[in-house]
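Right, one structure below, let's go through it.
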Amino acid sequence: MSSISSLRPDLALIAQNVAPGSSVLDVGCGDGALLLALRDERKCDARGMEIDAASVAECVAAGLSVIQGDADTDLSFYPDGVFDYAILSQTLQTTLRPRAVLEELLRIGRKAFVSFPNFAHWKVRFSLLVGGRMPVTRQLPIAWYETPNIHFSSIDDFLALVGEMGVKVDDAWFLAGNRQRSAAAANLLAEHAIFLLSR
């Protein structure tokens, strides 16, 4: 059993802000830790989609309702407004068409949580400036040629995109390590961002 307190910091923030009893789709749910916490502690109807077959098998073995699917192509099979929340955590930057994926999240969910690493964090900037090489950090622990990340973005890039889309930011949280930071200078000082979006 996964508890909210044992979750990765961004997932814990999401879990704490999902209304109890909600219907949830976690896209890119990985090992299902968030789904377990939402099901067991928040009493949610928690479902998942994951591209990796081994992770899907692990989730199903744990009694979770998870299907194998790709955020870039398979969200279109869900009806409009079928979930209270659609969640995409640390996955947006790995999608082929981030804007289209955001559109789908906000079509199938009345609200969407989106979290991603901030590629404008000062350590990333410093690594590029001083070393001239793509950074390897705690939030970005894989070398550039191995990483699944294909769309590097910053907090300001994301805000510009949702502004163009006419999407409302209902709430936002910014993390540096395990600690929350204020929105002031978040694009420079936050390693990770979590947004709650709606139409």
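The values are calculated or read from the model by the stated rules, or taken from the named source; none is laboratory data. Predicted model only: the values in this text are computed from it and were never measured. Cβ placement follows ideal geometry from the backbone for every residue including glycine, while neighbour counts extend to all protein chains displayed.
Numerical summary
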item	result
Residues that are more than 14 Å from the chain's Cα centre (by Cα) and not hydrophobic (A, V, I, L, M, F, W, C), drawn from segment 1-16	SER2, SER3, SER5, SER6, GLN16
Neighbours by Cβ (under 8 Å, 6+ apart or cross-chain): first from segment 4-24, more than 13 Å from CYS44 (Cα to Cα); second of a type in the set (Ser, Thr, Tyr) and part of a helix (DSSP H, G or I)	ALA12/SER5
Residue tally, condition hydrophobic (A, V, I, L, M, F, W, C) and either buried (at least 22 other Cβ atoms within 10 Å of the Cβ) or under 16 Å from the mean Cα position of the chain (by Cα) (or both), over segment 178-199	7
Meets criteria (over 18 Å from GLN16 (Cβ atoms), surrounded by 14 or more Cβ atoms within 10 Å (Cβ to Cβ) and under 19 Å from the mean Cα position of the chain (by Cα)) for CYS44	no
Condition check for SER89: farther than 30 Å from ASP156 by Cβ and either in contact (Cβ under 8 Å) with a residue 12 or more places away in the chain or surrounded by 15 or more Cβ atoms within 10 Å (Cβ to Cβ) (or both)	no
Those residues of segment 146-199 which are of a type in the set (Gly, Ala, Ser), part of a strand (DSSP E or B), under 22 Å from GLY28 (Cα atoms) and in contact with a His (Cβ under 9 Å, 6 or more places away or on another chain), in sequence order	none
Odd one out for THR73, checked against (1) over 16 Å from GLY28 (Cβ atoms); (2) modelled with pLDDT of 90 or more; (3) among the β-branched types (Val, Ile, Thr)	(1)
Residue check, ASP170 touching a strand residue (DSSP E or B) at 6+ places or on another chain (Cβ under 8 Å), at pLDDT 90 or above, surrounded by 13 or more Cβ atoms within 10 Å (Cβ to Cβ) and of a type in the set (Asp, Glu)	yes
Selection count, segment 1-57, where residues are more than 17 Å from GLN68 (Cα to Cα) and in contact with a Cys (Cβ under 6 Å, 6 or more places away or on another chain)	2
Selected residue [touching a residue at least 40 places away in the same chain (Cβ under 8 Å), in contact with a strand residue (DSSP E or B) (Cβ under 8 Å, 6 or more places away or on another chain) and crowded, with 17+ Cβ neighbours inside 10 Å] from LEU38, LEU34	LEU34
Segments classed as helices (runs of 4 or more DSSP H), wholly inside segment 1-80, with at least 3 members that are in contact with a Phe, Trp or Tyr (Cβ under 8 Å, 6 or more places away or on another chain)	9-17
Residues of segment 81-97 that turn out to be part of a helix (DSSP H, G or I) and at pLDDT 95 or above, as a count	0
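Residues are listed down the side, and each one gets a yes or a no for (1) within 24 Å of PRO98 (Cβ to Cβ); (2) charged (D, E, K, R):
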{"residue": "LEU13", "(1), (2)": "yes, no"}
{"residue": "ASN17", "(1), (2)": "yes, no"}
{"residue": "PRO20", "(1), (2)": "no, no"}
{"residue": "GLY32", "(1), (2)": "yes, no"}
{"residue": "ARG42", "(1), (2)": "no, yes"}
